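Everything below concerns the one structure shown next.
The values are calculated or read from the model by the stated rules, or taken from the named source; none is laboratory data. Note that the structure is a prediction, hence the values are computed from the model and not measured. Note: ideal-geometry Cβ built from the backbone for every residue, glycine included; neighbour counts use all protein chains shown. For accessibility, only protein heavy atoms count, side chains too; no ligands or nucleic acids. Shrake-Rupley method; radii C 1.70, N 1.55, O 1.52, S 1.80 Å.
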Protein chains: 4
Amino acid sequence: MIIVLKPDTPQDRMEKIKKKMVSLGCETYEFQGENHKIIGLMGDTSKIDASIIQGNRSVEKVIYVQEPYKKANRLFHPENSIIQVGHKAIGGEEIALIAGPCSVENQEQVLSIAKQVKRAGGGFLRGGAFKPRTSPYSFQGMGEEGLELLKKARESTGLPIVSELMSPRWIEKFIEDVDIIQIGARNMQNFDLLKEVGRTRKPVLLKRGLAATLEEFLMSAEYILAEGNPNVILCERGIRTFEGYTRSTLDLSAVPILKKMSHLPVIVDPSHATGLWWLVEPMAKAAIAAGADGLIIEVHNDPANAKCDGQQSIKPERLTPLIDSLRAIAKIDNRRL
Amino acid sequence: MIIVLKPDTPQDRMEKIKKKMVSLGCETYEFQGENHKIIGLMGDTSKIDASIIQGNRSVEKVIYVQEPYKKANRLFHPENSIIQVGHKAIGGEEIALIAGPCSVENQEQVLSIAKQVKRAGGGFLRGGAFKPRTSPYSFQGMGEEGLELLKKARESTGLPIVSELMSPRWIEKFIEDVDIIQIGARNMQNFDLLKEVGRTRKPVLLKRGLAATLEEFLMSAEYILAEGNPNVILCERGIRTFEGYTRSTLDLSAVPILKKMSHLPVIVDPSHATGLWWLVEPMAKAAIAAGADGLIIEVHNDPANAKCDGQQSIKPERLTPLIDSLRAIAKIDNRRL
Amino acid sequence: MIIVLKPDTPQDRMEKIKKKMVSLGCETYEFQGENHKIIGLMGDTSKIDASIIQGNRSVEKVIYVQEPYKKANRLFHPENSIIQVGHKAIGGEEIALIAGPCSVENQEQVLSIAKQVKRAGGGFLRGGAFKPRTSPYSFQGMGEEGLELLKKARESTGLPIVSELMSPRWIEKFIEDVDIIQIGARNMQNFDLLKEVGRTRKPVLLKRGLAATLEEFLMSAEYILAEGNPNVILCERGIRTFEGYTRSTLDLSAVPILKKMSHLPVIVDPSHATGLWWLVEPMAKAAIAAGADGLIIEVHNDPANAKCDGQQSIKPERLTPLIDSLRAIAKIDNRRL
Amino acid sequence: MIIVLKPDTPQDRMEKIKKKMVSLGCETYEFQGENHKIIGLMGDTSKIDASIIQGNRSVEKVIYVQEPYKKANRLFHPENSIIQVGHKAIGGEEIALIAGPCSVENQEQVLSIAKQVKRAGGGFLRGGAFKPRTSPYSFQGMGEEGLELLKKARESTGLPIVSELMSPRWIEKFIEDVDIIQIGARNMQNFDLLKEVGRTRKPVLLKRGLAATLEEFLMSAEYILAEGNPNVILCERGIRTFEGYTRSTLDLSAVPILKKMSHLPVIVDPSHATGLWWLVEPMAKAAIAAGADGLIIEVHNDPANAKCDGQQSIKPERLTPLIDSLRAIAKIDNRRL
């Protein structure tokens, strides 16, 4: 951490700041830039909150050298984390393909889609039971009943299930029922919820918030890790930009960056990122080419009548040719699917 | 709502879509654009979820004519909503000034700041007891104890108190203890929490999310209103943009726009928006000039040693001259402070 | 085009607007939405400027149904445009690989890089002679002398050359000297320059502006096409977002979208988009997987001493393995490189 | 400037980097952070281009301490720059009000608007003769003829005139004809054009680009200053964000920030920023409350029939009450209008 002082800072003010930093466990180092006095800090600064220094009116700015996340940082954990989900794993050589409907609508729907996902070579079943919707008047999901239907689909196909948790109220049920707990983009900084899932040992699929920098994204993962749960899977799903053609802008550079910064697995959600079914296939292929550890894709047997997000769901029959292409791309990097 | 079909849509497909819209309670109207067939919908479309139509592969796009919010819409509620908070009101002629420390740190601090806020002419005391922090290693607030200290400050000054609720777990306590429940920017789409505060009749100060459009912001207010709580105060606090000099970009155009779209009061938070104490004064003045119904401002007696966000807190002694300026600006528009 | 009127618009005002639209060559169609009167327009609206209608105080909003670009629109030109550049072509089955230094520095440098590009299988040589730099104190390029060195490199390797034109002043020289004229991101809406290159028949590589929507990007292409030059190559090079880890955010969804909206070839510049050499390879692979028609990549033999942008240049020896991977990905979609 | 090296950088590599920096005229200072070696630079680093260091593969990142602009920097020029325009001045105690039509359409229009601007108390007349338009099919302005009409309006009212220069081709004519040369947002990084106007001594009104950070904006001003023209007026006119209700997001925090970073005058364009006439008044007032040195506002006598941008033009009769309000706000800060 580097503290830049205002040009006219008197020496005694500077000494006071240095003393404070020493009291926080750092050594300090001082030098004179062209116009500014500068204090460099040595020691573990990851737990020092810059905002307690910035309030000092002699401080011009505080610059991080060290990343503020620790447990998520590859620097201290050089090998890839591989997250075990039952007999499956995410983050290893094999690419994870998670597919299923945006929301669980009825038993027949979810079961038939699950079977087609399985047949096409998918590894996990996704399905929304509790749905975060922009409008209070939109379908809010089947709730508990939806989880029951997902469980039946798992029983019948053997596919582990992924579903989104929106409230601490349901945490016990999710721990019992699902294989991977999804935390949605809108809740990426719902810190209370992050702490809750951090106290379990369930795999957590954490989606990047629409306005989250990669550093903030990793800080949210750090919340879960810091509570003791090492099983975090990061998911890039698009950020909000001025471009309105797509629902959000899929930031595929995030994949190699997150894999460099962190040891956690990184998957991509081309369905929510783009919001358009015909972009799912090229973006899924691009994600694997960029090095993603997996994909989460919306599949619906009857998009025209889906209860939500039909426009971003591909039909199950497109899964097989898509997976063939993905497999061929994966092979080039010596990965399997 | 207007449905644009793909150029090559066969007539029977179009008829099917029209039938579906009729079954949802709309009348349909059809016309032929240069290249596209177009279906116009009449009737109350505010509760129709566009995503159930967009899944149809013949649909090119769906365009909203009507705003998707109803209870928050000024069209159906032309006069301003005035929110009663004890003996005070927000949204009327008088401008609301909410001030106080980012986080409650100890009794002396909060009490002394509260007295200074009162003396300078402030109307409400803000103070964080539960703090949403990007890093799990930063100070997370004093929790329940913080609420107790706020209550003592209220007792002593008579100022109603505003504090942020981060989890449904504490809702009972907040209903009992605080006068205005704040929902922070990061929880603007924590729909579960919105529904909870919607079930109370407490005034709710709802902050705009960093990536939220004004329409989405009003849809979040609609969640609260739809549950039966009419006491919603909107708060513009900056949106995330590429400009990194400020913490976020204060969108002051939002003030007149929200007041045109909705009947709810609109206040502005220049402290969090900019993240820099020396911008608080000019931006507070600009907010009132733009027509805001109030301000929420961070004040700290010792910013250099604040437990959080000292860099965006002004000192209490600056409140008096600031309020003088604000009062003069308010007067130009026939408002009081 | 659809015109939404304010709820209280009197009939005679509406008739006046309809008359105006008829005088502009449209038929009008009128219907009543729930709260708004709506006028639909039929006929060729692509040349009607929405802003001449929006000024009417009775108009709530104007909605485009039809895209405002005509010559760039795939609707009216269904087959791919293939741009001939000497004996090479861009936009066909073969993927174009353009590589070379950010700026031309001296003869030895550009010649040795050109040879390595050629040897590795690259098809075109890029090199900056006139450099747009944020700071007036940064190296501004070798100018005319740089073009001479590029020509010598072309002579020696046979590779067609691509270089950026920044001012109408140099257009004659560029027409004579280079094979593809590049218009940089910062000049995407330098309409005067667009008209100039539109009056030639030279292939133009048009980069997307940092703040340009895809529609605006195509409108800039339309400027060139409208002047009579059909040889436009679109280049996605990242958009500006809040994420600061990368120089800009590479928007790979733009590739399949642009190819759907338009018949023009689309290439990708992973070097400028990311600003980081170690992201060039994964993003280049992702771009081809997403369906790009080509890539433009910065290569430098001595990045540590490059006169600009060394941090985003890969070394020539990395080209061969990269091209091997790209070729394998291209093959999956039946394309060549 | 601070150079952060990768954790495993060998000592000899570090020495090499230090030597290079010394050869560029800096002293170096070295210290060891927790994981990274750090080199601090002393001396004038404003002319060192970070990109020539970042290309070194041992460099993790380069951090600016010193701002990269020099002549625009208030640090070296503490008092406000006051730009003389004939008998008027911009940047002093008096607030500049520039008003007029988006584009010059005919003599009667421009003359009648000019007179109303004058009568209401405006100080300068704006009018577009050469218009940058997104579409090649939109009205492109009257060109030279437009300049003639502006000159006649100046003759008749005495108001100095402001008009946009889009191409170096017309620079001689603009020097002769107009009082302030405007460089539009789309040309903020048209460096060739910046150098051209830098070589004159004409006042230049430089608009912020839609995707420009404040630092980049000042670097563009620096281009003009570096050529020898000190007469630069900065204009905030909105930045591009995800919010689509307004044409762009007016960033009023830019006003006090630019005035702190630089000595140049700062004005605001609420018309182009918002794109909506009914937002012009509240945003104009907010701009003055935030400390702006002036405003540039679009006024049209017949917005419904304006040849461009009628929806963002106010009618001349609204100028008088607006200026009254602005005057009252200005007075609070001891300024005149």
**Message:** Please go through segment D:4-37 and give me each residue that is free of Cβ contacts under 8 Å to residues at least 12 places away in the same chain and closer than 22 Å to residue A:3 by Cβ, ordered by number.
**Reply:** D:31, D:32, D:34
**Asked** Does any residue in segment B:78-98 that is of a type in the set (Asp, Glu) come within less than 6 Å, Cβ to Cβ, of a residue that is buried (at least 18 other Cβ atoms within 10 Å of the Cβ) and part of a loop (DSSP other than H, G, I, E, B) six or more places away or on a different chain, and which pairs are these?
**Response** B:93/B:335
**Output for segment C:214-248, where each listed residue is in contact (Cβ under 8 Å) with a residue 40 or more places away in the chain, assigned to a loop (DSSP other than H, G, I, E, B) and in contact with a Lys or Arg (Cβ under 7 Å, 6 or more places away or on another chain)** = C:231, C:237
**Prompt:** Take the residues of segment A:148-175 that are modelled with pLDDT of 95 or more and basic (Lys, Arg): which is nearest to the chain's Cα centre (by Cα)?
**Reply:** A:173
**Single residue of B:197, B:178 found to be without any contact (Cβ under 8 Å) to a residue 40 or more places away in the chain, open to solvent by less than 10 Å² (accessible area, probe 1.4 Å), away from chain A (no Cβ under 12 Å) and under 14 Å from the mean Cα position of the chain (by Cα)** = B:197
**Those residues of segment B:215-244 which are more than 10 Å from chain A (Cβ to nearest Cβ) and in contact with a helix residue (DSSP H, G or I) (Cβ under 6 Å, 6 or more places away or on another chain), in sequence order** = B:229, B:232, B:234, B:236, B:237, B:238
**Asked** Which one is most open to solvent (accessible area, probe 1.4 Å) among residues in segment C:114-136 that are within 14 Å of chain D (Cβ to nearest Cβ) and among the hydrophobic types (A, V, I, L, M, F, W, C)?
**Response** C:130
**Item:** Qualifying positions in segment A:53-70 - farther than 16 Å from residue A:7 by Cβ, open to solvent by less than 30 Å² (accessible area, probe 1.4 Å) and either of a type outside the set (Gly, Ala, Ser) or touching a residue at least 12 places away in the same chain (Cβ under 8 Å) (or both)
**Value:** A:53, A:62, A:63, A:65, A:66, A:68, A:69
**Message:** Conditions first: (1) touching a strand residue (DSSP E or B) at 6+ places or on another chain (Cβ under 7 Å); (2) not assigned by TED's automatic domain parsing to the domain that holds residue A:280. Residue A:68 passes all but one, so which condition is the exception?
**Reply:** (1)
**Fill in**
Checked segment B:295-315 for anything more than 21 Å from the chain's Cα centre (by Cα) and surrounded by 21 or more Cβ atoms within 10 Å (Cβ to Cβ); matches are B:300, B:303, B:306, B:307, B:308, B:310, B:311, B:314
**Subset of segment C:317-337 (residues that are open to solvent by 10 Å² or more (accessible area, probe 1.4 Å) and touching a strand residue (DSSP E or B) at 6+ places or on another chain (Cβ under 9 Å))** = C:318, C:327, C:335, C:336, C:337
**Request:** Would you mind stating whether residue B:150 is buried (at least 24 other Cβ atoms within 10 Å of the Cβ), in contact with a Gly (Cβ under 6 Å, 6 or more places away or on another chain) and either in the same structural domain as residue B:297 (by TED's automatic domain parsing) or assigned to a helix (DSSP H, G or I) (or both)?
**Result:** yes
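Do we find that residue B:292 is open to solvent by less than 20 Å² (accessible area, probe 1.4 Å) and within 30 Å of residue D:209 (Cβ to Cβ) in this structure?
yes
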**Request:** Scan (1) touching a Ser or Thr at 6+ places or on another chain (Cβ under 6 Å); (2) under 30 Å from residue C:326 (Cβ atoms); (3) open to solvent by 10 Å² or more (accessible area, probe 1.4 Å) for the single condition residue A:250 breaks and write down its number.
**Result:** (3)
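Quick one: which of B:20, B:47 is open to solvent by 40 Å² or more (accessible area, probe 1.4 Å), within 14 Å of chain A (Cβ to nearest Cβ), out of contact with any Lys or Arg (no Cβ under 9 Å at 6 or more places or on another chain) and over 30 Å from residue C:78 (Cα atoms)?
Step by step, each of B:20, B:47 is checked, and only B:20 is open to solvent by 40 Å² or more (accessible area, probe 1.4 Å), within 14 Å of chain A (Cβ to nearest Cβ), out of contact with any Lys or Arg (no Cβ under 9 Å at 6 or more places or on another chain) and over 30 Å from residue C:78 (Cα atoms).
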**Request:** Test residue B:129 against the stated conditions and say whether it is within 18 Å of residue B:323 (Cα to Cα) and at pLDDT 95 or above.
**Result:** no
**Prompt:** On the given criteria, is residue C:211 assigned by TED's automatic domain parsing to the domain that holds residue C:163, in contact (Cβ under 8 Å) with a residue 40 or more places away in the chain, under 15 Å from the mean Cα position of the chain (by Cα) and buried (at least 24 other Cβ atoms within 10 Å of the Cβ)?
**Reply:** no
**Asked** Across segment A:23-44, what is the total count of residues that are within 14 Å of chain B (Cβ to nearest Cβ) and either open to solvent by less than 50 Å² (accessible area, probe 1.4 Å) or of a type in the set (A, V, I, L, M) (or both)?
**Response** 1
**Fill in**
Of the listed residues (D:210, D:111, D:159), the one being assigned to a loop (DSSP other than H, G, I, E, B) and away from chain C (no Cβ under 13 Å) is D:159
**Prompt:** Since residue C:85 meets every condition but one in (1) surrounded by 17 or more Cβ atoms within 10 Å (Cβ to Cβ); (2) not assigned by TED's automatic domain parsing to the domain that holds residue C:305, which condition does it not meet?
**Reply:** (2)
**Request:** Kindly provide the set of residues from segment C:253-287 that are of a type in the set (D, E, K, R) and buried (at least 24 other Cβ atoms within 10 Å of the Cβ), ordered by number.
**Result:** C:269, C:285
**Asked** Do we have any residue at all in segment B:275-292 that's at pLDDT 95 or above, in contact with a strand residue (DSSP E or B) (Cβ under 6 Å, 6 or more places away or on another chain) and of a type outside the set (A, V, I, L, M, F, W, C)?
**Response** no
